[in-house]
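Student: Just dropping this structure here.
No lab work stands behind these numbers, since they all come straight from the coordinates. Just so it is clear, the model here is predicted, and its values are computed rather than measured. Methodologically, a virtual Cβ is constructed for each residue, glycine included, from the backbone with ideal geometry; neighbour enumeration extends over all protein chains shown.
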Ligand code: ATP
């Protein structure tokens, strides 16, 4: 197999004296769609924060695109080509949809066919309709589409989505899954945290299950389907 785009090795991270990660390891290869699963409070968001440099791990390594980025500042990690869609979406409330999309746009890595407003609007026609509206006035689903569109406008090599479908109506969730399917077919690498196992079994290549801050299980969708009963409690589904 190819060299991993993202390699997380044995991460240990704490909040003050409270240790949250006790050894998380995962890999995402170029073009791969990978999940991070587990019940609430098991360390998924902490793992993402540690990857992005928002938290400093006390042990372990994060290697991205061949560089050891452990302990780097978040903007430096993002510049290497990681687009984060954070748990709370965090769209700019006082900027319009269009302004949100162009605010952080860039093609630092020189992609031949970079993401543009037109491409994002083609992916989410709803954002074109709402392009003059303020972020604060969007529905939850529209904000989520905007958060994904904004991350894409940075032309990442890896997109990380933390609970992208949380709290969304089923019909909007389906739209997000369809968008991810199309990103997948374009070869973008994706690391996703989500509670909806069924669509992920279809979409993802490999899965990592966290339990109490550790990688407890990893495998492909066929293996996860087979282990589903055994892992039911750990997965919280
Ligand atoms: P959820 O889906 O609920 O966000 P998660 O798997 O993403 O769950 P984390 O948010 O990473 O879990 O939390 C892992 C552990 O770290 C939990 O015990 C949680 O209480 C703790 N934790 C998370 N954020 C903080 C914080 N800011 N300060 C102290 N402890 C925290």
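Student: If a/c stays under 1.5 just call it rounded; otherwise compare a/b with b/c (prolate if a/b is bigger, oblate if not). Do that for the chain, with a ≥ b ≥ c from the square roots of the Cα gyration tensor eigenvalues.
Tutor: The shape class here is prolate.
Student: Got the relative contact order for the chain handy, in percent, Cα pairs under 8 Å and 6 or more residues apart? Don't skip to the end; give the middle numbers.
Tutor: Numbers: 460 pairs, mean separation 66.6, N = 237.
Answer for the chain is 28 percent.
Student: Could I ask something else about it? Compute the acute angle (0 to 90°) between the alpha-carbon long axis of helix 140-152 and the principal axis of greatest extent of the alpha-carbon atoms of the chain; round to the nearest 10°.
Tutor: Helix 140-152 and the main axis of the chain meet at about 80 degrees.
Student: Using Cα-Cα distances under 8 Å and only pairs 6 or more residues apart, what relative contact order does region 1-80 have, in percent?
Tutor: 33 percent
Student: A further question on this structure: Rounded to the nearest 0.05, what FRET efficiency is calculated for residue 129 and residue 185 with R0 set to 22 Å and r the Cβ-Cβ distance? Display every interim value, and only then the final one.
Tutor: Numbers: r = 25 Å, r/R0 = 1.13.
According to the calculation, E is roughly 0.35.
Student: Kindly provide the helix-only [θ] at 222 nm of the chain, computed as the sum of -39,500 (n - 2.57) over DSSP H runs of four or more divided by all residues, to the nearest 500 deg cm²/dmol? The partial results should precede the final answer.
Tutor: Details: 9 runs with 85 residues, N = 237.
Helix-only estimate at 222 nm: -10500 deg cm²/dmol.
Student: Between the alpha-carbon centers of region 1-71 and region 79-142, tell me the distance in whole angstrom.
Tutor: About 25 Å separates the Cα centre of region 1-71 from the one of region 79-142.
Student: How many percent of DSSP beta bridges within the chain run antiparallel, rounded to 5? Write down the numbers at each step before the final one.
Tutor: On the way: 22 of 40 bridges.
Bridges in the chain that DSSP calls antiparallel: roughly 55 percent.
Student: Hey, another quick one. Describe numerically, in nm with one decimal, the distance between label points set 7 Å from Cα along Cα→Cβ at residue 166 and at residue 226.
Tutor: Roughly 3.3 nm, to one decimal.
Student: For a Förster distance of 25 Å, can you work out the FRET efficiency between the beta-carbons of residue 2 and residue 119, rounded to the nearest 0.05?
Tutor: E between residue 2 and residue 119, to the nearest 0.05, is 0.45.
Student: Let me ask something else. Roughly speaking, what is the stretch gain from residue 67 to residue 137, that is 0.36 nm per residue apart minus the C-alpha to C-alpha distance, in nm to one decimal? Walk me through the intermediate numbers first.
Tutor: Values: separation 70, 0.36 × 70 = 25.20 nm, distance 3.97 nm.
The span from residue 67 to residue 137 would gain 21.2 nm if fully extended.
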